[in-house]
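Written below as structure tokens is the structure these notes are about.
The values are calculated or read from the model by the stated rules, or taken from the named source; none is laboratory data. Treat the numbers as computed from the prediction; the structure is a model and nothing was measured. In this analysis, Cβ positions are derived from the backbone assuming ideal geometry, glycine residues included, and neighbour counts consider all displayed protein chains. Accessible surface is based on the protein model in full, side chains and every heavy atom, while ligands, DNA and RNA are left aside. Shrake-Rupley method; radii C 1.70, N 1.55, O 1.52, S 1.80 Å.
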Amino acid sequence: MKQEQVYPDVKMFIDGVWCHGSQGKSGGAVLNPATGLAIGSVPHASVSDLDRALDSAQRGFDVWRKISAFDRYKLMRRAAEKLRERVDEISRVLTLEQGKPQAEAKLEVLLGADIIDWFAEEARRSYGRVIPSRSGAVQQTVIKEPVGPVAAFTPWNFPINQAVRKISAAIATGCSVILKGPEETPASCAALVQAYADAGLPSGVLNLVFGVPAEVSSYLITHPFIRKISFTGSTQIGKQLAALAGGHMKRVTMELGGHAPALVFSDADVKESARLLSAAKFRNAGQVCVSPTRFIVHKSVYEEFVDQFASAAKNLVVGNGLDAASQMGPLANHRRIEAMEALVADATSCGARVRTGGKRIGNEGFFFEPTVLTDVPLNARIMNEEPFGPVAPISAFSDLDEAIAEANRLPFGLAAYAYTKSAAVIGAISAGVESGMVSVNHQGLALPETPFG
């Protein structure tokens, strides 16, 4: 197989040293999704490698927990600056292995630096409190302490921004971390770890491993050194890992995707809502956990919205993310192409119409047309399963109660969106839509200063 020679030699980071697996295990080729060609390979950790990482994390925790919050802050700020200095280099690597346009990759790297800064500042404000005592001879204080070594599992769709939240939250509070990086996008994740290492992080505080996900997760989660688990991924895998962690009484934080409704009301600015929602939907080729994925539009503006949205989708420039003209890159792998084709076929068999798109683009790489489906019935799979790709189903509603009922029909509650000028409707949405995040007339979610999820 022809191999491109523009990709770094990916290694793991254990106890302050970059290394390949001790047993020479490899996870096979890393592919450029724009070409389908191999660009490198990713090492796989053996049990002995994981044991070294665990020992390192335990020793690193013993050192790092004693470092003052102010000194942790200063080191983290240096790491953020390293990312900013290397944004062009890292974003190119990110685009090579993940596919998104380099402009999006640059924003991801820069937001990653901002996230580090935010957690660094928060670490200086981890205040305790004094509780009035029942006795004058007793003083009662509450002091926050780091929980211990953290096992963090991060996905391929945002290899910088998903990892940086987990790493920075843990390091800011005095914990050490073993990060199981994504095998599909390992080099950009490694670049984030390198920024921390170059900022002066002590050996053992941050470790990076790759491997067979089920094997690595089952080994790390059950190990007595690990005190906290952070996972981003599918609901199915999340349930398995939560059950495993529960069996060992481990703290868990998880984000398991979504199926975000986007409600467009009759009084909305239709042109602006279609512009914002289409940009959000097709960002990163729709491979975004907070992407709007079910478009529920009032019947009085339905046709106008569909026209505007479909026009925006049809006019998107799809291509290699390294091409400055590209507005949408490829999907991550061939499996995502098959998933999109299956969702479109199922929807049309249920009576939906393809307004634009619906097919793979060419035979090189993993490109799929930005796709708009109209008149999509509720029994179609895409109305019930997170698509995680550039396919947008649009359906109509008649009144507020119907819109809120549809928004709440599924058990997903990560994000929701609404477009309206009515204060009364905004109030009803805020009170009635069961979602952790609701954005009204706006698409800016997932900033570090607001709770995520």
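Of note:
- For region 349-369, a residue qualifies if it is under 26 Å from PHE397 (Cα atoms), open to solvent by less than 60 Å² (accessible area, probe 1.4 Å) and outside any strand (DSSP E or B), and the qualifying residues are CYS350, GLY351, ALA352, GLY357, GLY358.
- Some residue of region 386-399 being surrounded by fewer than 18 Cβ atoms within 10 Å (Cβ to Cβ), in contact with a helix residue (DSSP H, G or I) (Cβ under 9 Å, 6 or more places away or on another chain) and modelled with pLDDT of 95 or more: no
- Boolean, LYS228 is under 27 Å from GLY319 (Cα atoms) and not aliphatic (A, V, I, L, M): no
- Taken over region 93-142, the residue count meeting the criterion of being of a type in the set (D, E, K, R), assigned to a loop (DSSP other than H, G, I, E, B) and over 30 Å from ARG336 (Cα atoms) is 3.
- Residue within region 249-257 that is over 30 Å from VAL438 (Cα atoms) and touching a Pro at 6+ places or on another chain (Cβ under 9 Å) present: no
- The lone exception for GLU304 - which of (1) within 20 Å of ASN441 (Cβ to Cβ); (2) under 19 Å from the mean Cα position of the chain (by Cα) it fails: (2)
Okay, residues lined up against (1) under 30 Å from LEU447 (Cα atoms); (2) in contact (Cβ under 8 Å) with a residue 60 or more places away in the chain:
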| position | (1), (2) |
| --- | --- |
| PRO370 | yes, yes |
| ARG381 | no, no |
| PHE388 | yes, yes |
| PHE397 | no, yes |
| ALA407 | yes, yes |
| ALA416 | yes, yes |
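- Within region 239-264, the set of residues being of a type in the set (Lys, Arg) and either in contact with a Leu (Cβ under 9 Å, 6 or more places away or on another chain) or closer than 30 Å to GLN443 by Cα (or both) comprises LYS239, LYS250.
- As a summary of the residue check, LEU241 satisfies the conditions (1) farther than 30 Å from TYR417 by Cβ; (2) among the hydrophobic types (A, V, I, L, M, F, W, C); (3) over 17 Å from the mean Cα position of the chain (by Cα) except for the one numbered (1).
Residue-by-condition table, conditions (1) within 21 Å of LYS281 (Cβ to Cβ); (2) surrounded by 18 or more Cβ atoms within 10 Å (Cβ to Cβ); (3) of a type in the set (Gly, Ala, Ser):
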{"position": "TYR419", "(1), (2), (3)": "yes, yes, no"}
{"position": "ALA428", "(1), (2), (3)": "no, no, yes"}
{"position": "GLY432", "(1), (2), (3)": "no, no, yes"}
{"position": "MET437", "(1), (2), (3)": "yes, yes, no"}
{"position": "VAL440", "(1), (2), (3)": "yes, no, no"}
{"position": "LEU447", "(1), (2), (3)": "yes, no, no"}
{"position": "PRO451", "(1), (2), (3)": "no, no, no"}
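- Residues of region 148-182 satisfying the condition of being in a loop (DSSP other than H, G, I, E, B) and either within 15 Å of ALA195 (Cβ to Cβ) or without any contact (Cβ under 8 Å) to a residue 60 or more places away in the chain (or both): PRO159, ILE160, THR173, GLY181, PRO182
- Matching entry among GLY286, GLY258, GLY321, GLY329 (being touching a strand residue (DSSP E or B) at 6+ places or on another chain (Cβ under 6 Å), in contact (Cβ under 8 Å) with a residue 40 or more places away in the chain and buried (at least 22 other Cβ atoms within 10 Å of the Cβ)): GLY258
- Among the residues making up region 94-109, those that are under 19 Å from GLU81 (Cβ atoms) and touching a helix residue (DSSP H, G or I) at 6+ places or on another chain (Cβ under 6 Å) are LEU94, ALA105, LYS106, GLU108, VAL109.
- Of the strands (runs of 3 or more DSSP E) that lie entirely inside region 1-51, not one contains 3 or more residues that are open to solvent by 20 Å² or more (accessible area, probe 1.4 Å), out of contact with any Gly (no Cβ under 9 Å at 6 or more places or on another chain) and modelled with pLDDT under 90.
- Out of VAL376, VAL372, VAL344, sole residue that is of a type outside the set (Ser, Thr, Tyr), assigned to a helix (DSSP H, G or I) and open to solvent by less than 50 Å² (accessible area, probe 1.4 Å): VAL344
- Within region 318-359, the set of residues being at positive phi and touching a helix residue (DSSP H, G or I) at 6+ places or on another chain (Cβ under 7 Å) comprises GLY357, GLY358.
- Within region 269-283, restricting attention to residues that are of a type outside the set (D, E, K, R) and out of contact with any helix residue (DSSP H, G or I) (no Cβ under 8 Å at 6 or more places or on another chain), the residue that is most open to solvent (accessible area, probe 1.4 Å) is LEU276.
- Residues (among the small types (Gly, Ala, Ser), in contact (Cβ under 8 Å) with a residue 40 or more places away in the chain and either surrounded by 19 or more Cβ atoms within 10 Å (Cβ to Cβ) or not assigned by the TED database to the domain that holds VAL177 (or both)) located in region 95-147: GLY99, ALA105, GLY112, ALA120, ALA123
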